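Taking it in order: structure first as structure tokens, then the write-up.
The values are calculated or read from the model by the stated rules, or taken from the named source; none is laboratory data. Note that the structure is predicted; figures quoted are calculated from it, not measured. Every residue, glycine as well, gets a Cβ built from its backbone with ideal geometry; the counts of neighbours run over all protein chains shown. Please note that ligands, DNA and RNA were not included when accessible areas were found on the heavy atoms of the full protein model with its side chains. Shrake-Rupley method; radii C 1.70, N 1.55, O 1.52, S 1.80 Å.
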Amino acid sequence: MPHTMHQMTDAMRQCSRECLDCYAQCLETVQHCLMMGGKHAEQQHIALMLTCARICETSASAMLLGTTQHAETCRACAAICHSCEEECRRMADGDETMLRCAEACARCAASCDRMARAA
């Protein structure tokens, strides 16, 4: 039964770390937003951050498991992280938690963009 193993590269390790960091930051920020209430707790905002967290977790898993489809999850992850970054920056108004989330999303999006192009 032939099989091909996908080698974990340093770039994949770095990208998976960025994804896991973004995953954690998005979940932390969801809690922050729910506590703040108002526009921060609106359904669309919370849904975007939870979607971002889940695609980051999925993308990191794909790389850590060595699937050849990681480029596809990275492509989707980059797009969703870009949207989440924009949304968090728009809503930040000096809020450190929102800005940390935006920065984590920006780093993850850039890393995933590179992984998707490299495949």
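Residues that are open to solvent by less than 10 Å² (accessible area, probe 1.4 Å) and either of a type in the set (Lys, Arg) or under 14 Å from residue 103 (Cα atoms) (or both): does segment 24-44 have at least one? There is at least one residue in segment 24-44 that is open to solvent by less than 10 Å² (accessible area, probe 1.4 Å) and either of a type in the set (Lys, Arg) or under 14 Å from residue 103 (Cα atoms) (or both). Apart from one condition, residue 85 fits all of (1) more than 15 Å from residue 112 (Cβ to Cβ); (2) within 13 Å of the chain's Cα centre (by Cα); the exception is (1).
Only helices (runs of 4 or more DSSP H) whose full extent lies in segment 1-117 are considered here, and the ones with at least 3 residues that are of a type in the set (Val, Ile, Thr) are 43-65. Determine, yes or no, whether residue 43 is farther than 30 Å from residue 95 by Cα, of a type outside the set (A, V, I, L, M) and more than 18 Å from the chain's Cα centre (by Cα). No; evaluated as a whole, the condition is false for this residue. When residue 102 is tested against the conditions (1) farther than 18 Å from residue 36 by Cβ; (2) free of Cβ contacts under 8 Å to residues at least 24 places away in the same chain, the lone failure is (1).
Look at residue 91 and say whether it is touching a residue at least 40 places away in the same chain (Cβ under 8 Å) and not acidic (Asp, Glu). Judged against the criteria, residue 91 is a match.
Every residue, every condition in (1) under 15 Å from residue 11 (Cα atoms); (2) among the charged types (D, E, K, R); (3) modelled with pLDDT of 95 or more; (4) buried (at least 20 other Cβ atoms within 10 Å of the Cβ), yes or no:
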{"residue": "68", "(1), (2), (3), (4)": "yes, no, no, no"}
{"residue": "83", "(1), (2), (3), (4)": "no, no, yes, no"}
{"residue": "86", "(1), (2), (3), (4)": "no, yes, yes, no"}
{"residue": "109", "(1), (2), (3), (4)": "yes, no, yes, yes"}
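Take the conditions (1) at pLDDT 95 or above; (2) surrounded by 12 or more Cβ atoms within 10 Å (Cβ to Cβ); residue 9 misses just one of them, which is (1).
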